[in-house]
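**Student:** Shown below is the structure under consideration.
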Amino acid sequence: MTVHSPSPAKGNLGEKARKLYERLRPEVETNDNIGKFIVMEVESGDYEIDEQGIESSHRLQSRHPDAVLYALRIGYKTAVSFCGGLGRVSV
């Protein structure tokens, strides 16, 4: 069995994901998508959007089997909250 782990040479995944999201923002931050999850394969720029994020993850993993994926909730500061509400991003 082969075990894959993220390569440290890829740099800061979170920073790369945020930069990719900023480029994608005008395209994905629509009224229909607010509150949905965007799951990104940061190295290629490929992404998927859905309500829960899990289906997006499966679709991306089928196209990029060894990829490390990054997810954000569109239009919000955080993806999930365990102790209260989610803060919206100011436009």
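**Student:** How about the stretch 29-41: which of its residues are β-branched (V, I, T) and crowded, with 17+ Cβ neighbours inside 10 Å?
**Tutor:** Going through the stretch 29-41, the residues β-branched (V, I, T) turn out to be 30, 34, 38-39.
Hits for the stretch 29-41 are I38, V39.
**Student:** For A71, all conditions in the list (1) in a loop (DSSP other than H, G, I, E, B); (2) hydrophobic (A, V, I, L, M, F, W, C); (3) at pLDDT 90 or above hold save one; what is the number of the exception?
**Tutor:** Every condition holds for A71 apart from (1).
**Student:** Within the stretch 11-21, work out how many residues are among the polar types (S, T, N, Q) and part of a helix (DSSP H, G or I). Lay out the reasoning, then the answer.
**Tutor:** Restricting attention to the stretch 11-21, the residues satisfying the condition of being among the polar types (S, T, N, Q) are 12.
If we keep only those that are part of a helix (DSSP H, G or I) as well, we get none.
The number of residues fulfilling the criteria is 0.
**Student:** How about the stretch 22-46: which of its residues are of a type in the set (V, I, T) and outside any helix (DSSP H, G or I)? Give the steps one after another, and end with the answer.
**Tutor:** As a first pass, look at the stretch 22-46 and keep what is of a type in the set (V, I, T): 28, 30, 34, 38-39, 42.
Listed by number, the residues that qualify are T30, I34, I38, V39, V42.
**Student:** If you don't mind, there's one more thing I want to ask. Within the stretch 52-61, is even one residue closer than 17 Å to T78 by Cα, modelled with pLDDT under 95 and part of a loop (DSSP other than H, G, I, E, B)? Even if it seems obvious, please write down each step before you answer.
**Tutor:** Within the stretch 52-61, the first condition is being closer than 17 Å to T78 by Cα, and the residues that meet it are 52-54.
Within this subset, residues satisfying the condition of being modelled with pLDDT under 95 are 52-54.
Subset that is part of a loop (DSSP other than H, G, I, E, B): 52-53.
Yes, the conditions are met somewhere in the stretch 52-61.
The values are calculated or read from the model by the stated rules, or taken from the named source; none is laboratory data. Not measured: the values here are computed from a predicted model. Ideal geometry is used to build each Cβ from the backbone, glycine not excepted, and the neighbour counts take in all protein chains shown.
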